[in-house]
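The values are calculated or read from the model by the stated rules, or taken from the named source; none is laboratory data. Since the structure is predicted, the reported quantities are computational estimates derived from the model, not experimental observations. Every residue, glycine as well, gets a Cβ built from its backbone with ideal geometry; the counts of neighbours run over all protein chains shown. Accessible surface areas use protein heavy atoms only, side chains included; no ligands, DNA or RNA. Shrake-Rupley method; radii C 1.70, N 1.55, O 1.52, S 1.80 Å.
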Amino acid sequence: MTGTFITFEGGEGSGKSTQLSFLYNEIKSNNLPCVKTREPGGSEGAESIRGLLLNGSADKWDPIAETLLFYAARLDHVERLIKPALTDGTIVLCDRFADSTRVYQGIGKGLSEDYILSLHQLTLGHFKPDLTLILDIDPEVGIKRTLSRSGAETRFESMDMDFHHAVRAGFLSIARNEPERCVVIDASQSIEDVKKSVLNAFKQRIGQHIKLNLDCF
Ligand code: TYD
């Protein structure tokens, strides 16, 4: 595969989607092939599963059933959208991916790390992002941001604050354990400063990976 797979991770209200769109526009305006996508979702089947997962009460699903649904959606998304795009040499930007399952279903819902990693191995083998940007923010601030948004997909936002603190700690722990893949970005900065940090991480990590001169950015 010749493309580059970049994921954005972080807690609720960390501004991932805004920053992903910003990076997408930067890459496109430099005439590089790029697609943006999201999880759960990104393919027709996975978008149907998204509706099952994100609506309803916080304890709607048994934790293992929930995790299997996330992985069913992920497998379809990877096989039908992400891998073909990477094969074409495209940069794929994805809003959340497997780290969200490790953190939300693992740490938040008490599923073992081993179980989730085995499921990953079973469905996707060693497939993983080339770069993961973790947008880090105090959950008290993040949740306030999301409450001012409207929308029905609030199943995870409605979990209690301890859950959101565990989510934050979970992402930071992944970043500590996999520094070659992950960059932590302070999402409490102004939007403009977060954009600068995102662009710097992209240039530093991906410039080398795709052997492109990104001075134009
Ligand atoms: P979404 O509306 O996309 O919000 P956000 O801006 O927070 O990404 O909701 C996705 C929700 O799904 C989010 O609360 C995290 C949760 N989630 C998991 O619990 N496990 C996963 O594997 C993924 C991809 C998401």
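Considering Glu47, Glu140, Glu66, the condition of being under 27 Å from Glu26 (Cα atoms) and charged (D, E, K, R) is satisfied by Glu47 alone. Looking only at segment 72-114, residues that are more than 11 Å from the ligand (Cβ to nearest atom), farther than 23 Å from Phe202 by Cβ and of a type in the set (S, T, N, Q) come to 1 in all.
Which numbered condition in (1) in a loop (DSSP other than H, G, I, E, B); (2) within 30 Å of Ser197 (Cα to Cα) is the only one that Ser57 fails? Single failed check for Ser57: (2). Give me the pairs, please: first residue somewhere in segment 93-120 and touching a residue at least 60 places away in the same chain (Cβ under 8 Å), second residue anywhere and near the ligand (Cβ under 9 Å from one of its atoms) and among the hydroxyl-bearing types (Ser, Thr, Tyr), beta-carbon distance under 8 Å, and either six or more positions apart or on two chains. If the second residue must be near the ligand (Cβ under 9 Å from one of its atoms) and among the hydroxyl-bearing types (Ser, Thr, Tyr), the pairs left are Asp95/Ser17. The set of residues in segment 83-113 that are of a type in the set (A, V, I, L, M) and either more than 15 Å from Leu124 (Cβ to Cβ) or in contact with a helix residue (DSSP H, G or I) (Cβ under 9 Å, 6 or more places away or on another chain) (or both) comprises Ala85, Ile91, Val92, Leu93, Ala98, Val103, Ile107, Leu111. Scanning segment 1-28 for residues that are under 18 Å from Gly207 (Cβ atoms), among the hydroxyl-bearing types (Ser, Thr, Tyr) and surrounded by fewer than 15 Cβ atoms within 10 Å (Cβ to Cβ) yields a count of 1.
Take segment 29-69 and flag every residue that is open to solvent by 50 Å² or more (accessible area, probe 1.4 Å), at pLDDT 95 or above and of a type in the set (Lys, Arg). Those that are open to solvent by 50 Å² or more (accessible area, probe 1.4 Å), at pLDDT 95 or above and of a type in the set (Lys, Arg): Lys36, Arg38. Residue pairs whose Cβ atoms lie under 9 Å apart, separated by 6 or more positions or on different chains, with the first residue in segment 51-66 and free of Cβ contacts under 8 Å to residues at least 12 places away in the same chain and the second not basic (Lys, Arg), are Gly51/Glu153; Trp61/Leu52; Trp61/Leu53; Trp61/Thr67; Trp61/Leu69. When each of Leu23, Leu69 is tested for being of a type in the set (A, V, I, L, M, F, W, C), within 19 Å of Ser100 (Cβ to Cβ), away from the ligand (no atom under 15 Å from the Cβ) and in contact with a helix residue (DSSP H, G or I) (Cβ under 8 Å, 6 or more places away or on another chain), the lone residue that passes is Leu23.
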